[in-house]
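Notes to accompany the following structure.
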Amino acid sequence: MSASVIDFVATEARFGAHNYEPIGVVLSRGEGVWVWDTEGNRYLDCLSAYSAVSQGHCHPKILAAMVEQAHRLTLTSRAFHNDQLAPFYEEIAALTGSHKVLPMNSGAEAVESAIKSVRKWGYEVKGVLDGHAEIIVCANNFHGRTLGIVGFSTDPDTRAHFGPFAPGFKIIPFGDAAALAEAITPNTVAFLVEPIQGEAGVILPPAGYFSEVRELCTTNNVMLVLDEIQTGLGRTGKLLAEQHEGIEADVTLLGKALSGGFYPVSAVLSNNDVLGTLRPGQHGSTFGGNPLACAVARAALRVLTEEGMIENAARQGARFLEGLKDIRANTIREVRGRGLMLAVELHPEAGRARRYCEALQGMGILAKDTHEQTIRIAPPLVITSDQVDWALERLATTLTQDFS
Ligand SMILES: *Cc1c(COP(=O)(O)O)cnc(C)c1O
């Protein structure tokens with residue numbers, strides 16, 4: 001590392017809370033699938049800010065929409081109407097087939113808002129006794145970092161010493177429909193689940209799981225809340241990951257790529273019943289639904305469909321997955337994923353995934369380890385075949401090394 005890089009890293013360490021352990025690269029520019037560090041070295045971004053920059057870094061059309069809107073009007077609060085919110089509602093509802101939209105900012109806020117809404121629906125529509133609503137969630141879930149959410153996490157790092165936590169959540173194994181059937185009671189208002197568990201290491205459920213889940217939820221009048229903050233908006237090769245399963249959620253959560261990485265924008269999408277229970281004054285956000293966010297989100301959604309990014313994610317994802325499966329390396333335990341949401345799980349004897357990510361950095365690829373043994377690979381959806389092949393060559397070289 002050069003003096004200036006060491007300086008940035010040391011200053012962050014001195015003043016910042018140490019709640020991250022970044023790879024030792026200081027980025028200063030991005031374009032499409034590429035990012036550059038302060039020394040001018042170029043890297044293929046295989047994390048895409050945890051899928052928030054799916055449209056590629058600094059997409060020119062999203063940038064133009066943001067700059068144009070920033071010159072006109074940025075924030076009104078919801079005390080007044082603005083001329084970007086209605087078209088945002090119309091466009092996202094048409095795209096996703098939703099009836100109602102609640103705009104928020106971060107993903108965690110969308111999750112919190114959904115929890116509040118389904119509880120309210122439980123009391124006011126389903127008829128659950130006030131204070132008794134139960135929400136079922138899955139082990140190894142990741143839904144964000146707020147107190148409400150970390151309270152039902154099963155990851156000790158995420159939870160430890162942040163309690164006491166809110167009651168009302170039941171945890172069942174992911175991918176086990178029988179466990180869901182057993183956990184549902186008359187007080188169950190919702191099942192909150194990721195279509196693919198991203199942070200847990202890109203864990204796909206068994207085939208048929210979600211059709212059983214859908215049926216159980218419908219039969220028992222339980223709202224199926226799909227957290228598509230990471231899987232949504234083309235990441236898995238379809239607009240929503242639920243489409244792979246042939247089902248429709250009652251409540252869908254979007255965030256991350258909803259703004260193409262320019263600005264925090266999230267949304268709760270639902271049928272009329274759930275969000276219909278919210279009355280004036282019962283929920284809100286100063287920045288939620290602001291004109292800048294809406295203009296950015298509208299452009300982010302437009303380029304996703306107009307530029308064929310979702311189809312490209314399916315095509316390049318298949319190519320990438322096949323290429324990863326072709327790598328013959330003793331270090332690899334399993335390769336898995338859907339679309340451009342991919343992961344390479346290493347054998348425990350291969351050494352920590354972090355070490356491989358550092359080696360990849362040296363080869364011009366930025367990827368992120370998760371849970372010690374897994375390298376996640378999720379490039380922007382604009383990646384080309386040549387770039388996929390370029391990455392595969394470097395991954396093959398790195399994964400055949402021994403860092404144990
Ligand atoms: C990232 C993520 C969140 C939280 O989003 P933030 O914007 O970081 O609050 C929630 N759920 C899933 C599945 C995520 O990947």
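The values are calculated or read from the model by the stated rules, or taken from the named source; none is laboratory data. Just so you know, these numbers come straight off a predicted model, no measurement behind them. Cβ placement follows ideal geometry from the backbone for every residue including glycine, while neighbour counts extend to all protein chains displayed. For accessibility, only protein heavy atoms count, side chains too; no ligands or nucleic acids. Shrake-Rupley method; radii C 1.70, N 1.55, O 1.52, S 1.80 Å.
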Quiz item: List the pairs whose first member sits in region 161-186 and is assigned to a loop (DSSP other than H, G, I, E, B), whose second member is open to solvent by 50 Å² or more (accessible area, probe 1.4 Å), and whose Cβ atoms are under 6 Å apart, counting only residues at least 6 apart or on separate chains?
Solution: Gly175/Pro206; Ile184/Asn220
Practice problem: Considering only region 55-69, state which residues are of a type outside the set (D, E, K, R) and either under 25 Å from the mean Cα position of the chain (by Cα) or open to solvent by 10 Å² or more (accessible area, probe 1.4 Å) (or both). | Solution: Gln55, Gly56, His57, Cys58, His59, Pro60, Ile62, Leu63, Ala64, Ala65, Met66, Val67
Quiz prompt | Any chance Asp45 is over 13 Å from Val382 (Cα atoms) and either at pLDDT 95 or above or within 16 Å of the ligand (Cβ to nearest atom) (or both) | solution = no
Quiz item: Ala200 fails exactly one of the following numbered conditions: (1) closer than 26 Å to Tyr123 by Cβ; (2) within 16 Å of the ligand (Cβ to nearest atom). What is the number of that condition?
Solution: (1)
Quiz prompt | Looking only at region 13-38, and only at residues there that are modelled with pLDDT of 95 or more and acidic (Asp, Glu), the one that is nearest to Ile383 (Cα to Cα) | solution = Glu31
Quiz item: Can you pull out the strands (runs of 3 or more DSSP E) entirely within region 293-404 that have at least 3 residues that are in contact (Cβ under 8 Å) with a residue 24 or more places away in the chain, touching a Gly at 6+ places or on another chain (Cβ under 8 Å) and under 25 Å from Leu233 (Cβ atoms)?
Solution: 341-346, 374-377
Quiz item: Within the bounds of region 209-224, is there any residue that is open to solvent by less than 20 Å² (accessible area, probe 1.4 Å), modelled with pLDDT of 95 or more, within 16 Å of the ligand (Cβ to nearest atom) and β-branched (Val, Ile, Thr)?
Solution: no
Quiz item: Checking Phe403 against (1) in contact with a helix residue (DSSP H, G or I) (Cβ under 6 Å, 6 or more places away or on another chain); (2) surrounded by fewer than 22 Cβ atoms within 10 Å (Cβ to Cβ); (3) under 18 Å from Gly323 (Cβ atoms), which test does it fail?
Solution: (3)
Quiz item: Does region 252-272 include one or more residues that are assigned to a strand (DSSP E or B) and either free of Cβ contacts under 8 Å to residues at least 60 places away in the same chain or charged (D, E, K, R) (or both)?
Solution: no
Quiz item: So which residues in region 186-197 are open to solvent by 10 Å² or more (accessible area, probe 1.4 Å) and within 12 Å of the ligand (Cβ to nearest atom), if there are any at all?
Solution: Glu194
Quiz item: Picking from Ala110, Ala52, which residue would you name as being within 13 Å of the ligand (Cβ to nearest atom), in contact (Cβ under 8 Å) with a residue 40 or more places away in the chain and open to solvent by 10 Å² or more (accessible area, probe 1.4 Å)?
Solution: Ala52
Exercise. Hey, can you tell me all the residues within region 193-233 that are acidic (Asp, Glu) and under 11 Å from Phe142 (Cβ atoms)?
Key: Glu194, Glu199, Asp227
Quiz item: Name the residues in region 252-287 that are of a type outside the set (A, V, I, L, M, F, W, C), within 13 Å of the ligand (Cβ to nearest atom) and crowded, with 24+ Cβ neighbours inside 10 Å, would you?
Solution: Thr252, Gly255, Lys256, Ser259, Gly261, Ser266
Exercise. Please specify each residue of region 1-16 satisfying the condition of being more than 16 Å from Gln361 (Cβ to Cβ), touching a Ser or Thr at 6+ places or on another chain (Cβ under 9 Å) and open to solvent by less than 50 Å² (accessible area, probe 1.4 Å).
Key: none
Exercise. Select from region 226-251 the residues that are among the polar types (S, T, N, Q) and away from the ligand (no atom under 16 Å from the Cβ) and list them in ascending order.
Key: Gln243
Quiz item: Tally time: how many residues in region 51-88 are of a type outside the set (S, T, N, Q), assigned to a helix (DSSP H, G or I) and closer than 13 Å to Leu258 by Cβ?
Solution: 2
Self-check item: The lone exception for Arg72 - which of (1) more than 16 Å from the ligand (Cβ to nearest atom); (2) open to solvent by less than 30 Å² (accessible area, probe 1.4 Å); (3) of a type outside the set (Phe, Trp, Tyr) it fails
Solution: (2)
Exercise. All but one of (1) under 29 Å from Gly232 (Cβ atoms); (2) surrounded by fewer than 19 Cβ atoms within 10 Å (Cβ to Cβ); (3) in contact with a strand residue (DSSP E or B) (Cβ under 6 Å, 6 or more places away or on another chain) hold for Cys46, so report the exception by its number.
Key: (2)
Quiz prompt | Residues of region 197-241 that turn out to be in a helix (DSSP H, G or I) and among the acidic types (Asp, Glu), as a count | solution = 2
Quiz item: Which of (1) of a type in the set (Ser, Thr, Tyr); (2) away from the ligand (no atom under 16 Å from the Cβ); (3) more than 16 Å from Asp250 (Cα to Cα) does Ser98 not meet, given it meets every other one?
Solution: (3)
Exercise. Could you please find all residues in region 233-251 being more than 14 Å from Ile92 (Cα to Cα), open to solvent by 10 Å² or more (accessible area, probe 1.4 Å) and within 16 Å of the chain's Cα centre (by Cα)?
Key: Gly237, Lys238, Glu242
